[in-house]
Amino acid sequence: MKIKEVISRAMSGEINWIQASEIIGISDRGMRRWRKRLDKEGYEGLFDRRTRRPSRKRIEMATVEKVLRLYREKYFDLNVKHFVEKLHGEEQIALSYTWVKTILQNAGLVKRYAKRGPHREKRPRRPLTGMMLHVDGSRHKWIPGLDQYQDLIVIFDDASSEVYDVQLVEEESTETVMAALKRVVETRGLFCSLYSDRGSHMAWTPKAGGLVDRAHPTQIARALKELGIELILAYSPQARGRCERIFGTWQGRLPQEFRLKGIATVEAANEFLRNDWIAMHDASFSVKAEQPGTAFLPYTGTELEKIFSQQQDRVVNNDNTVRYDNRCLQIPQQTFRFSLARCRVLVCEHLDYTITVHYGNHVLGRYDAAGLPLILPAEPKPVRTIKRTALMKADARHERQTDDRKKNHKAKKKAA
């Protein structure tokens, strides 16, 4: 193949025959003999006649030289597919695409592109816990004896591989991932970033395999943004190597633990995961963080229930009702406004499937999963505050009234 490629380059005019002989490692005289054999016998003249025989479908040397000359002089800016079409339609040369591409590459007229995967490097761990958390789900027959698949949702730290939350669910979804993130924020605090795949509940991708549209965030992306947590999305399975390795280890250990413990239900499996498995994993597979300390910050707000909910904007009808998912939510009479007709409100469906309707800072109503109203706790009445200027005016008025009474009393006494 090397000799064939060098001779093709010499035939195309890219190098001369003396340079070709130097590349191959033969003398000028030997190259002249090879050239004569090429002219007379074609490429079969290059074969060792004691061991190999040329193909009977070989192309004539005149045709090869004509093809190379046409590409070099006339069709030099065409791609291979376009050049083959020109050969078939205008030059009346019926050659296959593969053969033409190979001869052009051997002659150095077309670049040879090797199909190689991207060079990947191991990403170092974050130095502090709480700087980056991973969330992912693995679908597998986790419980022996149950002939069905379950999704195992795991949240663990990038710095130490310490598991913060794990739960078996029927299917990974917006609600299940939100519930796991809410538990982590409640128990650990706010973290810096979350690393995830590009599932439909994490990001919206207009075209399969393409870029994520950040202008249309999902409910989880919106909740993380409200908490100030950066969402990092992976574009390949190799980028989530730590998740894949954890699930590979667990698939070879966790079902066996379930079998040894006699666990046959999802509820019992989740109890075992929370009480025993997390500690077993951390003792065997977690590592020490590079730096002491933590990047977790305690959450001091009171709106986690609202943040980790599915939120939709709605417009109130003239009869003070809101339509949401085939349910009619009747808004009761409010004290701060006579009617809410045509007002834009926020409908939140919480993780416990209850629904609340918000108008600014006001909670207009709470409803059950069927849309029936629930009793809201009574809001404390606002305390009226009296400004200092009002107090001063009241004191001055009181002094004037006292002076007037004294004057009237003196006048009556004098008259008497």
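The values are calculated or read from the model by the stated rules, or taken from the named source; none is laboratory data. All figures in this text were calculated on a predicted structure; none of them were measured in a lab. Note: ideal-geometry Cβ built from the backbone for every residue, glycine included; neighbour counts use all protein chains shown. Areas reflect the complete protein model, heavy atoms only, side chains present, ligands, DNA and RNA absent. Shrake-Rupley method; radii C 1.70, N 1.55, O 1.52, S 1.80 Å.
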Column: log10 I(q)/I(0), Debye, Cα scatterers of the range 117-217, q = 0.17, 0.19, 0.24 Å⁻¹: -0.94, -1.09, -1.26
Gain upon complete extension [LYS122, GLU399; 0.36 nm per residue less C-alpha separation]: 91.4 nm
Separation in nanometres of the label points that stand 7 Å from Cα toward Cβ, at ARG183 and HIS82: 5.9 nm
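So, R0 is 25 Å and r is the distance between the beta-carbons of ARG274 and GLN148; what FRET efficiency does that work out to, to 0.05?
Values: r = 21 Å, r/R0 = 0.86.
Approximately 0.70, to the nearest 0.05.
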Shape metrics for the chain, restricted to C-alpha atoms - Rg then Dmax, Å: 39.7, 157
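With a sphere of radius 15 Å drawn around the Cβ of PRO144, what net charge do the other residues whose Cβ falls strictly inside it have (Lys, Arg +1; Asp, Glu -1)?
Numbers: positive: LYS141, ARG253, ARG259, LYS261; negative: ASP147, GLU257.
Its environment carries a net charge of +2.
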Sequence of SER173, SER138 from largest to smallest accessible area, 1.4 Å probe: SER173, SER138
Label-point gap, in nm, between LYS288 and CYS343 - each point 7 angstrom along Cα→Cβ: 5.8 nm
Charged-residue dipole, Cβ positions (Lys, Arg, Asp, Glu), the chain about Cα centre, Debye nearest 20: 1820 debye
Projected label distance in nm at ARG58 and LYS141, using a 7 Å step from Cα toward the beta-carbon: 5.9 nm
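Can you give the FRET efficiency for VAL315 and GLU230, using 1/(1 + (r/R0)^6), R0 = 30 Å, r = Cβ-Cβ distance, to the nearest 0.05? Mind showing how you got there, number by number?
Working: r = 33 Å, r/R0 = 1.09.
Result of the calculation: an efficiency of 0.35.
Accessible area of the range 277-363 with a 1.4 Å probe: how many percent of it is carbon plus sulfur?
Carbon and sulfur: 49 percent of the exposed surface of the range 277-363.
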Å² of accessible area per residue within the chain, as computed with a 1.4 Å probe and no ligands counted: 65 Å²
Relative contact order for the chain, counting Cα pairs under 8 Å that sit 6 or more residues apart, in percent: 11 percent
The range 130-269 - percent of accessible surface contributed by carbon and sulfur, probe 1.4 Å: 50 percent
